[in-house]
Structure formats: structure tokens, C-alpha cells
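Quick notes on the structure that follows.
The values are calculated or read from the model by the stated rules, or taken from the named source; none is laboratory data. From a predicted model like this one, the values you see are computed outputs, not experimental measurements. All Cβ positions, even for glycine, are placed from backbone atoms using ideal geometry, and neighbour counts span all protein chains on display. The accessibility values were calculated without ligands, DNA or RNA, using every heavy atom of the protein model including side chains. Shrake-Rupley method; radii C 1.70, N 1.55, O 1.52, S 1.80 Å.
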Amino acid sequence: VLNHSRINRVFVIAIDDNDRESLRKIRNESRVFGVIIVSRHPDAYSRIAKSVWDGLIWVREHCSHARFAGKFDPDAIVFLGNLVNYLRNAPTKRYYGGRKLSYYAHPRDEKKAKFFYPLDYPYRRSVMFVSGPAALFSMDVVDHLVVGAEYEPLFIANSDDIMLGAVLNRVGIFPT
């Protein structure tokens, strides 16, 4: 509890199903420190979006009482008092906040590009998204993300940030 607001933190960790020793350690650590969500796939930078969506699904299923959710990079430093005070004045509906950027998503044959879209990618569009160590959402936005992910034709490697924006932009939610 901070500034009369309850904050729950969960950690999403990617572990391959065959790594039994790590799974055992994670279960023991979870008993001591709280909720750890295991995203069942090999831990790789190119699969970050899968871990993010596993976390969002968990939040949607277990945090119905919450007004906001956030996605934070593991190396982010978060001043929780400042965050709580900021969120007191943030909209509680259709809110998507953080460091706003844009990216033009289009098919291209540049496999060395950081965000590679194959030539059969069906869209050309500008995506407004939140980039950096933290993204904040009102809880109704979490529902849009979980359901909307089913309609996104491609989750590009290394880009959970752009994918969050791509899904939300489709329903008219843009970052602030």
C-alpha cells in the first residue's frame, strides 16, 4: 500500500517446458516473493510479445478490481509514489500512457532491419505507440489488447511496444 493505494506486482518469466530445473526454482521463488507468471516458451528477445500478452491475460483474469495496469521493462526504475500520484488524475477509460512515438509499418524485404515486416504483410500504416521502459493502461484497454491480439496478422520480433500500439490504434486508442 502506497499513498492509500494498493499496488500489486507480478513478474512474467519465459521458460521452456523442458527446463524442469528452472521451473522448480521459479515455483519455490514464487512461494517466497509472490506471483510469478510462467510464459511457456523459450526465453528469447524475439518472443517478448508472447510474454507480454501472457501477463496481460493474467491481469485481465485476476485483477478485475484494479483501475490501471502497467508493463515495465525488467531494468526500469519506477518511483511508485510518483506513479500513484500521477494516476490519481489519469483517465480511467481508454487510457494508454507513456513515452509516445510513431512507426510506419509496411512490408519490406530488409531482413536486417530491426523491425522486419515480410512482403506479404497486408497493411501499410502509421502506428502510434508507447516506447521505453513503461506503458500504462486503464483496465478496459487490457481487454482490447487481449481480444485485439487475435486480429493482428503479425507480431514482429523484438517489438512488444509497437504491437501494443498496433492493436490499440485499430480501436481508436492512441497514447498520451
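Each of Arg9 and His41 was given a label point 7 Å from its Cα along the Cα-to-Cβ line. The distance between the two points is 2.5 nm.
Report His65's accessible area, 1.4 Å probe, all protein chains in place, as a number in Å² to the nearest 10. About 120 Å², rounded to the nearest 10.
Accessible area per residue for the chain, computed on protein heavy atoms with a 1.4 Å probe, is 62 Å². Under conditions of 20 °C and 1.002 mPa s, the chain yields 123 µm² s⁻¹ as its translational diffusion coefficient, taking Rh as the Kirkwood radius over Cα pairs in the Stokes-Einstein equation. Using a Gaussian network model of the chain in which every pair of alpha carbons under 10 angstrom is joined by a spring, one finds that among Asp73, Asp140, Asp120 the greatest mean-square fluctuation is at Asp120.
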